[in-house]
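**Student:** Pasting a structure below so you can have a look.
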Amino acid sequence: MNALPVAQLEQSHCLSCSKDHNSHPFSRWHLPGMYRKRLRQSGKQLMSRRVWRTRAVFLVGAILVGIAASLLAMGSDWASETFLHVIDNRPWLPFIITPLGLMLIIWMTRNLFVGAEGSGIPQAIAALHIKRHKHLRHKLLSLSIAFGKGIMIIMGLLCGASIGREGPTIHIAASISFALTRFARFPHHDISRGLILAGGAAGLAAAFNTPLAGVMFAIEEMAKNFEEKTNGTVFTAVIIAGITALAINGNYAYFGTVFAKAEFPGIFSAVVICGVAGGLLGGSFSAFLVYGGRYLRPWRSGHPYLLALVIGLLLACIGLVSGGQTWGTGYTEAKTALMGIGLDSEGYPAFKYLATLLSYWSGIPGGIFAPSLSIGAGLGAELSQWLPNISVATVALLGMAAYFTGVVQTPLTAIIIIMEMTDNQGILLPVMAVALIADGISKIINPQPIYRALAEDFIRDLSPSHSEKQQGRER
């Protein structure tokens, strides 16, 4: 049998595809042409004003996220310290400042900065998942909302509300990133998902100095899936925003270095007890926050200032009974527990739990990250009394991981964020175990994650059919 010429064989068949060999992209005749085409495309991108403008706008946006996160952190610390200084030796003053402050903030959210209420993470998630009527995203993410959110978080801490700044930082960062679409033409996948995801991840990374946790939160909670085209955008934004925040605040661990260690064999009982307790309390907190908020929605719509007045008075009462430990983010109490020092107030976790619920139900802007970490650390400090063979710091760290996971139901984020905030990897395996236990227990109590449920509320409120029904009721 006569063999066909080599050239004829190469042209007639290719083992890797059913097409003609000459059309195969990796044939020896087409490789040089393909490279020349790619080089020309790369050269055009390098010389393109539009491409460089897009990159410059994205760079400026990521830097602005880092600056905004740092300014909000400094403003929040100042507000918390100022409130404590003002009410020092004046236990009656919160009964005036807190109700009036909440009423003023509610007025601002209803008249000046509509869409700035609540944590902010649900708004960012809702904006990601709006498929139809994409123009409605501007009602959830805008520079006006970002500015108002930052101002009102500081005001909330000035009047003693039990709120955090981390969720609002994510909202602000996502708003800044989404606003970039007005100044440059970004690829479609960056506009629809990448910029919002990148802003959210960068906001968390800059707020806590936890870059890995920022990326993981974007994957685990905000997106639930991670597209290949958006991962570079997210990583770049996290790096730039994180470097900016580090340049302003310096390199630090949020809670400092926590000297907790895995103390065998007693650590096993601590993991089980903290995991179950944290899952139960965290799951109940998320259920109460979501369903209680829905129950109170008619009051927030019809009698917003009366509701704010009542909640403000209740917060003042809780602050007085707890010895003033429920004001603000709870950072000091959490750090005290992680240092291995018992808290002065008995029942601190319960008081902080209730104060945080009430603050969120009032409708003011405010996050639950920092208060949840504080409640978890306080829970661990309380449980350490039943675990005398294990240090208070170790049980407090486990309690923090368990309760935080129970609230947000994102165990990987909880593990990473706590390891980065405490600069402690020596207790990694127990923290992983306690987070998984708490996540399982929490899902039994509240199957739907808290931010998903809240995001669905925002999406439903923005739907045209719901708006028409609301207008009909008002008429």
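The values are calculated or read from the model by the stated rules, or taken from the named source; none is laboratory data. All of these numbers come straight from a predicted model, not from anything done at the bench. Every residue, glycine as well, gets a Cβ built from its backbone with ideal geometry; the counts of neighbours run over all protein chains shown. Accessible surface areas use protein heavy atoms only, side chains included; no ligands, DNA or RNA. Shrake-Rupley method; radii C 1.70, N 1.55, O 1.52, S 1.80 Å.
**Student:** Which FRET efficiency, nearest 0.05, do PHE259 and ARG452 yield, Cβ-Cβ r, R0 25 Å?
**Tutor:** With R0 = 25 Å, the Cβ-Cβ based efficiency is 0.10.
**Student:** I need two numbers for segment 268-337: Rg to one decimal and Dmax as a whole number, Cα atoms only, in Å.
**Tutor:** 16.2, 51
**Student:** For q = 0.13, 0.17 Å⁻¹, what log10 I(q)/I(0) does segment 311-462 give under the Debye formula with an equal point scatterer on each alpha carbon and no solvent?
**Tutor:** Summing over Cα pairs of segment 311-462 leads to -0.60, -0.99.
**Student:** Applying the Karplus parametrisation 6.51 cos²θ - 1.76 cosθ + 1.60 with θ = phi - 60° to the phi angles of segment 155-164, what ³J(HN,Hα) value in whole Hz is obtained for each residue in order, glycine and proline being reported as x?
**Tutor:** 5, x, 6, 5, 9, x, 5, 8, 9, x
**Student:** While we're looking at this one, here's another question. For segment 119-171, restrict the atom set to alpha-carbon positions and state the Rg and Dmax in Å.
**Tutor:** In Å, with Rg to one decimal and Dmax whole: 12.4, 40.
**Student:** A further question follows. Grab the alpha carbons of segment 323-381, take their convex hull, and tell me the volume per residue in Å³.
**Tutor:** 66
**Student:** Along each of the three principal axes of the Cα atoms of segment 389-450, give the extent in whole Å, ordering the values from largest to smallest.
**Tutor:** Cα spread of segment 389-450 along its principal axes, largest to smallest: 32, 25, 15 Å.
**Student:** I'd like the Karplus ³J(HN,Hα) series for segment 272-283: coefficients 6.51, -1.76, 1.60, θ = phi - 60°, whole numbers in Hz, and an x wherever there's a Gly or Pro.
**Tutor:** With the stated coefficients, segment 272-283 comes to 5, 5, 5, x, 5, 5, x, x, 5, 6, x, x Hz.
**Student:** Could you size up the charge dipole of segment 72-183 around its Cα centre, putting +1 on the beta carbon of Lys and Arg and -1 on that of Asp and Glu, and report it in debye to the nearest 20?
**Tutor:** Result for segment 72-183 is approximately 760 debye, rounded to the nearest 20.
**Student:** Using a 1.4 angstrom probe with every protein chain in place, what is the largest-first accessible-area order of HIS138, HIS171?
**Tutor:** HIS138, HIS171
**Student:** Can you pull a Stokes-Einstein diffusion coefficient for segment 281-390 at 25 °C (0.890 mPa s), Rh from Kirkwood over Cα pairs, as a whole number of µm²/s?
**Tutor:** In µm²/s, the coefficient is 167.
**Student:** Report the local net charge at HIS303: Lys and Arg +1, Asp and Glu -1, summed over other residues whose C-beta lies under 13 Å from its C-beta.
**Tutor:** With Lys, Arg at +1 and Asp, Glu at -1, the net is +3.
**Student:** Sorted by accessible area with a 1.4 angstrom probe, largest first, how do LEU100, LEU197 fall?
**Tutor:** Most to least solvent-accessible, the answer reads LEU100, LEU197.
**Student:** Continuing with the same structure: Keeping all protein chains in place and using 1.4 angstrom, which order do ARG452, ARG165 fall into by accessible surface area, from largest down?
**Tutor:** Largest accessible area first, the list is ARG452, ARG165.
**Student:** Same structure, new question: Going highest first, how would you order 107-113, 235-241 by mean Cβ packing within 10 Å?
**Tutor:** The densest-packed peptide leads the list: 235-241, 107-113.
**Student:** Next question. Report ILE105's accessible area, 1.4 Å probe, all protein chains in place, as a number in Å² to the nearest 10.
**Tutor:** Accessible area, nearest 10 Å²: 0 Å².
**Student:** Please give the per residue accessible area of segment 85-124, computed with a probe of 1.4 Å over protein heavy atoms only, in Å².
**Tutor:** Averaged over the residues of segment 85-124, the accessible area is 48 Å².
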